[in-house]
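Readers should treat all values here as calculations from the given coordinates under stated rules, not as data from a laboratory. Only a predicted model underlies this, so the values are computations on that prediction, with no experimental measurement involved. Virtual Cβ from ideal backbone geometry, glycine too; neighbours counted across all protein chains shown.
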Amino acid sequence: MKAVISTLMATIFTGVIVIKFFFSSLLTFFGYAVLPIESLKNLTHSKKIVQKMQHRNKVKSANVSKRFIKRSGKKVAVTAVSAATIGTVAVIGTLTYLEISQYCEDKQVLNEEANILFDTDKQFDMNACLEQGKQDSADFANEAWQSVKETSSDVLDSIEQSSDELLDPSRKATVELFESIDEWFNQTFN
């Protein structure tokens, strides 16, 4: 009797294993998998978290450019007004370059996050970002200079009148200033 029961149990156990592997391979053929309910709950929860992170990444990406223009323009203008001297152009250029670098670093981090979250492999071009930032920021650098001119003291007014051509950066002069700062930065840190 013991032999019959043990044989019957071994046969049932073997049959369950064969059926499990048969259905698992059959489901795999159609692109499905057999998972315990607990694993499925964890996967559903993980999927919700990933979807939230994807949404946050999209919102951050949309707002990073707006924040760059708004924050950097104000920051450069305030700093330029507080440093209203002949070196104001250098202060505006240096601070603007630092803001551009921070902006591009933020965009690079967002790009890396997006690559992970959306399973993509987009390469970030830092040089292209810096060039685009230089072009875009020339407007608020000029705006900062105009703010300095409007709020400056009498001494600056007399200097401005005598050397307006030297101090007033045009868009081209601002870009040239960025290029010289960029060249110095590359020589120093590379």
Expected sort for 3-10, 123-130 on mean C-beta neighbours within 10 Å, highest first, is 123-130, 3-10
From fewest to most C-beta neighbours within 10 Å, the residues Asp121, Asp136 line up as Asp121, Asp136
The extension gain from Arg67 to Val50, computed as 0.36 nm times the residue separation minus the Cα-Cα distance, is 3.6 nm
The alpha-carbon center of the stretch 96-135 and that of the stretch 26-47 are separated, in whole Å, by 36
Which of Lys20/Lys41; Lys52/Lys134; Lys20/Lys47; Lys48/Lys107; Lys47/Lys70; Lys52/Lys107 exceed 31 Å between C-alpha atoms? The answer is Lys52/Lys134; Lys47/Lys70
Length gained, Asn42-Ile116, 0.36 nm per residue minus C-alpha separation, equals 24.7 nm
Rounded to one decimal in nm, the spacing of the 7 Å Cα→Cβ label points at Phe124 and Gln187 is 2.8
